[in-house]
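Take a look at the structure set out below.
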Amino acid sequence: MGRHGPFSVNPLKHSSPVPDPSTGLPRPPRAPREWNGYNPTPVDREPRNPLPGPDDLGKRLEWNQHSRRDIRVADLGIIALFAGFATWRAGGLVWMTWWWSWLVLGLWLAHGWWFSRHGNWLAAGAVWVQQDKNWVNIYELTRIRFTVSGLNRVLNLTDSSGRTIHGLVIRDVQSNQPMWDLVYNGILHSVASGNCDISDKARSVLKVPTDLGRPPTEDHPG
C-alpha cells in the first residue's frame, strides 16, 4: 500500500522533487495559473517588519508586500473618491464642516498606517507558505478548499499539524510566479499522498490532475 496510503501515485508524474529547504533547489517547474498578474519578489528593497515564519523548515525564498507608496496612493485615491462623493451629495464643500467626515477620513488613514506596518504579508519557503501570521507546510496538507471572500477567490489550507490559512488570496500568490511554483508543487505532492482532502472545486480551480489522490469531495469551504 505504501507509506502514503491506498490512493498514492507517483507525484513526480505531475511535479518535481521536494526542494531542499536550505537552498530551495531544485526549483519546481512553472505552475499553471488563473491569474496572470506580475508582482515578483522585490529585489530593490527589504521587507518591512517581516513576520516570523517556521523556524525549522528553511529560509524565506519569495515574498510579497505592498510598498508604502502603493498604500499611500490607494489611500489618496479613496480620500479623493470620498471627497468627490461628499461634495456631490452636499452640493458643495459644506461636508467639510461635519465632524463625522473627518472622523471617517481619520479612521481610514489610521487603517492605512496600520496596514502598511503589519498587514499584507505573503511569503514562501521551499516547503511552506505564509499569509500574515499564519503558515502551513505545503507538503503535508490534509485539507484544501476553495471559496470566495468579497472580491477575492481564496484557498483555505490545513496541514497535518492542524495549522491553517483561511483566505489565501489566489491572485496575490499567483502573481508571484516563483512563489506560486513552490506552493503548487507542494499542493501536488500533498494531493498525491492520498492524505489530502481536496474539494472538487478546488481541484478544478487549481488544475490539479484528476488522477491524483482521493476521489473529489463536495466543496464545503470550512
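A short reminder: the numbers here are calculations on the coordinates, not readings from a lab. Just so it is clear, the model here is predicted, and its values are computed rather than measured. Cβ atoms come from the backbone with ideal geometry, glycine included; neighbour counts cover every protein chain shown.
Observations
- Relative to the current alpha-carbon distance between S16 and T164, full extension at 0.36 nm per residue lengthens the span by 50.8 nm.
- In this structure, the amide hydrogen of T41, modeled 1.01 Å from its nitrogen in the peptide plane, lies closer than 5 angstrom to those of W63, counting only residues at least 5 positions away or on a different chain.
- Computed from label points 7 Å out along Cα-Cβ, the spacing between W102 and A80 is 2.4 nm.
- Cβ-defined net charge surrounding G24, 13 Å radius [Lys, Arg +1; Asp, Glu -1]: 0
- Under 12 Å, Cβ to Cβ, from G186 - net charge with Lys/Arg +1 and Asp/Glu -1: -3
- Counting beta carbons within 10 Å around each of S199, S22, S160 and listing the fewest first gives the order S22, S160, S199.
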